[in-house]
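What follows draws every value from the coordinates through simple rules; no lab data is involved. Small disclaimer: the values here were computed from a predicted structure and weren't measured. Cβ placement follows ideal geometry from the backbone for every residue including glycine, while neighbour counts extend to all protein chains displayed.
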Amino acid sequence: MDSRLAVPRERARHRFREQVGLAFEAVHLPRMAGRVLGALLLGPAGGMNAGDLAAALDASKASISSSTRLLVHYGFVERTVPDDDRRDRFVVDEDAWTRVLEERFAFLRSLRDLADEGLPLIDPDGDPGRLAEARDLYGFLEEELPALVGRWQERRPRPQEGGAR
């Protein structure tokens, strides 16, 4: 690659990693976990080890360790150990986006259940409209979103098909 192009490209990669970190921070997750995910999304298909991530992000191995644990816990990332290396490698899970969304379905279901549980507890002079609307909205989403994800699963490109559109 032309060295004149390498500097702007690396700046853009840095900016992308930081933007993913800010997106995580916006939903009350650690910025570093977002930066790690950003690095993995831009990194080699075979993933990166903790040392690679620490170097790419100019971060401590301790912060990389806690971030990768969080990303594994939430289903964004898989921990693998290649046959030719004793070090763990982290790769973005093929179904990460769908799995994260499906976990949100469970949260929506719990909100619907809470609203349903709260309806009979409203004061006699209270307004059940707010809780009823929450129950109905979350019930609607619980019914509709799985079909939407199913349509995505049918439509989505598979890695052997080239991945990117």
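Summary table
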quantity: Added length on full extension, which subtracts the Cα-Cα distance from 0.36 nm per residue, residue 45 to residue 102; calculated: 18.1 nm
quantity: Spin-label zone in the range 20-36 - amide nitrogen under 19 Å from a point set 7 Å from the Cα of residue 110 along the C-beta vector; calculated: 27-30
quantity: Kirkwood-Stokes translational diffusion coefficient of the range 1-73, alpha-carbon pairs, 4 °C, 1.567 mPa s, µm²/s; calculated: 104
quantity: Exposure proxy order (Cβ contacts within 10 Å, fewest to most) of 37, 101; calculated: 101, 37
quantity: Within the chain: Cβ-based charge dipole about Cα centre, in debye rounded to nearest 20 (Lys, Arg +1; Asp, Glu -1); calculated: 1120
quantity: Relative contact order (percent, whole number), the chain, Cα cutoff 8 Å, 6+ residue spacing; calculated: 13
quantity: Estimated 222 nm signal from helices in the chain, with DSSP H stretches of n ≥ 4 weighted -39500 (n - 2.57), rounded to 500; calculated: -22000 deg cm²/dmol
quantity: Overall dimensions of the range 96-161 by Cα: Rg and Dmax, Å; calculated: 16.4, 61
quantity: Cα-Cα P(r), the range 23-156, percent of pairs per 5 Å interval; calculated: 2, 9, 15, 15, 13, 12, 10, 9, 6, 4, 3, 1, 0, 0
